[in-house]
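Comments concern the structure below.
Each value in this text was obtained by applying a stated rule to the coordinates, not by laboratory testing. These numbers come from a predicted model, not from an experiment. Note that each Cβ is placed from the backbone with ideal geometry, even for glycine, and that neighbours are counted across all protein chains shown.
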Amino acid sequence: MADRGGRFITLEGGEGAGKSTQIRLLAEHLRMRGIDVVVTREPGGSTGAELIRKLLVEGPADSWDGPTEALLMFAARRDHLVRTVWPALDHGQWVISDRFADSTRAYQGYGHGVDLPLIETLYRVAVGDFRPDLTLILDLPVETGLARAGRRHGNETRFEQLDVAFHRRVRDGFRQIAAAEPARCVIVDADAPVEGVQARLAEIVAQRLGVG
Ligand code: TMP
């Protein structure tokens, strides 16, 4: 648990899962209940981490090998925590982050084959004992997600250029993470109308964190 006053909620999922829309709607839902919400994202969410993000999401797919990419993700993550997330939680705000460490497990670990124990070692160095209070994993078929993401961006980011097999490993990775940590993670079917997904997320937040 965050144990810093506020609550830390992370949204995870593959490409085109609809995280940004759902985060906006969840933040509105919580604000209507009087909660002070900060919305942020990874990689990014602080000045330094946004600079690292540019290195990560632009350029050819093979710019970095898996372990280098994982190191950059955790460097960005630590800056994001130190500058943005922890201060907000200490002020009693709730933080909703578009992606967090499960993305490194799923993309660099399951997707690129970086050793999962190595990722946990990096986690301890960069993050310590801190964990999200709740992780919502938006799940949908890889083809549907990539088609949605393609429409949104027009041109692809580095990760969207990777093949379908990569994205299938990422999806499977998220499912394995959820199965291993059911107290923290909930899988949500994102291949459904926006309003239905939104209602389900609000219901889970109410059940798990006692709001709404
Ligand atoms: P976004 O498209 O959700 O903004 O995320 C940017 C890309 O970064 C996305 O393709 C997933 C990828 N990513 C990782 O590979 N590992 C990570 O740890 C994070 C946070 C994102």
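Observations on the model:
- Taking packing as the residue-averaged number of other Cβ atoms within 10 angstrom, the listed peptides 55-68, 33-46, 187-200, 72-85 run from highest to lowest as 72-85, 33-46, 187-200, 55-68.
- For Leu140, the residues whose modelled amide H falls within less than 5 Å of its own, excluding neighbours fewer than 5 places apart on the same chain, are Gly14, Ala190.
- Amide H contacts under 5 Å for Ile187, placed H, 5+ residues apart: Ile137
- Charge tally around Val142: other residues with Cβ under 13 Å, Lys/Arg +1 each, Asp/Glu -1 each, net -2.
- Per-residue 3J(HN,Hα) values for the stretch 157-172, derived from phi via the Karplus relation 6.51 cos²θ - 1.76 cosθ + 1.60 with θ = phi - 60°, read 7, 3, 6, 6, 6, 6, 6, 4, 4, 4, 5, 5, 5, 4, 4, 4 Hz in sequence order (x marks Gly and Pro).
- Under 5 Å between amide hydrogens, built in the peptide plane, is the criterion, and for Arg41 it picks out Asp98 among residues at least 5 positions away or on other chains.
- For the chain: relative contact order, % (alpha-carbon pairs under 8 angstrom, 6 or more apart): 33 percent
- Neighbourhood net charge (11 Å Cβ-Cβ; Lys/Arg +1, Asp/Glu -1) for Tyr110: +3
- Placing pseudo-labels 7 Å out from each Cα toward the beta carbon at Val82 and Asp65 gives an inter-label distance of 2.7 nm.
- Label point of Ala199 set 7 angstrom out along Cα-Cβ; within the stretch 18-40, amide nitrogens under 17 Å from it belong to 22, 25-26, 29.
- Label point at Ala183 placed 7 Å out along Cα→Cβ; residues across the stretch 117-153 whose backbone nitrogen lies under 13 Å: 131-134
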